[in-house]
Structure formats: C-alpha cells, structure tokens
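The values are calculated or read from the model by the stated rules, or taken from the named source; none is laboratory data. Bear in mind the structure is a predicted one, so any value in this text is a computation, not a measurement. With ideal geometry, Cβ positions are generated from the backbone for all residues, glycine too; neighbour counts draw on all protein chains shown. These area figures cover heavy atoms from the full protein model, side chains too; ligands, DNA and RNA do not enter into them. Shrake-Rupley method; radii C 1.70, N 1.55, O 1.52, S 1.80 Å.
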Amino acid sequence: MMATSAQTIAAPTRVTTAAGSATLRRQQGFQHGGWFVAPFLLLFALFVIWPLLRGLYLSFTDANISGEGANFVGLDNYREALKDPLMWDSLGHSAYFTLLVVPCITVLAFLLAMLAHHIERGKWLWRLCFFAPFLLPSTVAGNLWQWLFNPGTGMINHVLGVETPWLTDKSYAMLAIVIATLWWTVGFSFLLYLAALQGIPGHLYEAAKLDGANAWHRMVHITLPMLRNITGLVIALQILASLQVFDQAVVMMDFTPGPESSTRTFVQYTLEEGFTSYRVGYASAISVIFFVIIAAVALARMWLLRNREEGAR
C-alpha cells in the first residue's frame, strides 16, 4: 500500500518534470531558430516595413523627388487625391481590367487543368506548354504581344483577316492587354487547379460511375465542389494581381498611357506623379489609398471565406 502511495505521488512529479522539459526544449528551439529567422526579419523590416512607414510619412508632406525641403501639409494630399479625376480614371481602368481578367483566367485555367489532367498521351508536354509562358519576364511577354498586335507586321490581324488597330484605338487597347495577360499568367492558376484535381480521391468518381453518373454530373457534383476552396484562392490572388497591373500595360503601349490615356492604370499614374511630376508626397498619398483598397479586398475575401466555412459547419 505504501508503494502504491509513492507511485501516486511520483506520477504527477514525472508529468510536471516532462512538461518542464518540453517547455525548456521549446524555448531552446525558439532561441536557436530565431537566428535562422533573423536575416529574413531584418530584410523584411528594411525593404517592407521601413518603406511602408516612410511612404506613410511622406504622404503628409509636400516632398519632391530630391527629398529636401519637405513641409508637413496634413491631409491636403488626400483631399486633392479624392478630387483628382485622373486618379479615379486610372482606378477605373484597373478595375475594368480586373473585371475582364479574373473571370476569364479562372475559367480558362480550370479548363486547361481538366484537359491536362485527363489527357492520356503527352501529359508532360501539355503541362509544359500551358505553364511555360508564366516563366517569361513581363518585358518579354509585353514585347511579344506588342509585335503580334502590330497592324502592319503582326500575326493577329493577318490570321483573323482584319485590320483592327489593337494598340492605337482606345476601344481595343485594354482588350489587347487583357488577351496578352491571359496568355502570360494563366499558367499559375492552371498549376493550382491541376494540383487540386490530383488531390481528389479517385474512389469518388468510381462510386459515381457505379451509380450511373455521366461525365457532366461527375464534374458538377464532385469536381466543382471539391475545387471550391482552390477556386476562391485563384479568384482572390487574381483580383489582387490584376488591380496592380502595370508591366504589360506599360511595355505594350511603349511606356505611354495608351490612346487617349485609356490604359493608364493606378500604379502607372502613381509612378507618373512621383517620378515624372516629381510630387513624391502626393504620389505617396495615392499609394496609401491604393494600399487601403487592396487591404479591403483581401479582408473581404477572408471574411467571406470564414462565413462560408462557418455556414458549412
């Protein structure tokens, strides 16, 4: 009986000792791991946090590109930005581009992934062809499509048998940028969809076949529901990327705002104000406004996802 009492007293002691040892190991692991994380944190603070704080400060000043003689002006830059028609026009162009690109690239990436997933021969070749354009630098993709859309020497008008002024008419300029963007960036979303398709259990399709479900029913009732989360991720990433469109628009339009400024995006207008008009303070205020818009879109996406998960429960 005395032995039983001793074991009863010793058991909590062993548990306490084990918990203390685990805590000590975690603390030591954090201390050692901190040295590995420190270089990243230093670079993150130097190239992300500091520029963000510096830009926020400059947005309340009338700083120029030289950085000298900046005076505090309070909210004047923000008041001017909210009344600036060029800023709203550029934001509208970015939003219009986003509305065109996001649905098209989501559907196209899904269809290409379905094709690459179910095709029997040459799977690696199809996957390479669909993903390879995404590896090209933006300048290469922009110059390539600028040549393809050229009315005189390009292949687009020659193949279609038309004489459309793709890059010189405001009715077609943004559409040309959208087409180039779809070809250039669809590979990333395609890869996400392909990985998600490979993760769907095969026994679900086998059971559906035994129940008499055809290919359309299997896609509607199995594939699409199983890809719901990845579709939400693709849409969110494409919205954030499309709102920040800059490279291909600038390259394809030879570093101009396009015909009648129809392709001037928000990022391009910000750079023009900062590095062409030398109004760094005003450009910083525009950047902060754009940051708030991007953050609001990201938070809205998180809120919708959380509500959907809670509703599913």
Unit charges at the beta carbon, dipole of the range 80-131: most positive-side option, 81, 99, 110: 110
Farthest positive-ward along the chain dipole, Cα basis, beta-carbon charges - from 176, 238, 225: 225
Taking all pairs of distinct alpha-carbon atoms in the chain, Kirkwood radius in angstrom: 24.2 Å
For the range 199-313: accessible area per residue (Å², 1.4 Å): 56 Å²
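Grab the DSSP H runs of the chain that are 4 residues or longer, score each as -39,500 (n - 2.57), total them, divide by all residues and round the 222 nm result to the nearest 500 deg cm²/dmol.
Result for the chain: -23500 deg cm²/dmol, rounded to the nearest 500.
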For the range 196-254: rounded, prolate or oblate by the Cα gyration tensor [a/c cutoff 1.5]: prolate
Gaussian network model of the chain, Cα within-10 Å springs - most flexible of 251, 297, 186: 297
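Summarise the accessible area of the chain (1.4 Å probe, protein heavy atoms) by the percent that is carbon and sulfur. Don't skip to the answer; put the middle values down first.
Details: 13360 of 19430 Å².
Reported share for carbon and sulfur atoms: 69 percent.
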Farthest positive-ward along the range 162-285 dipole, Cα basis, beta-carbon charges - from 162, 257, 191: 191
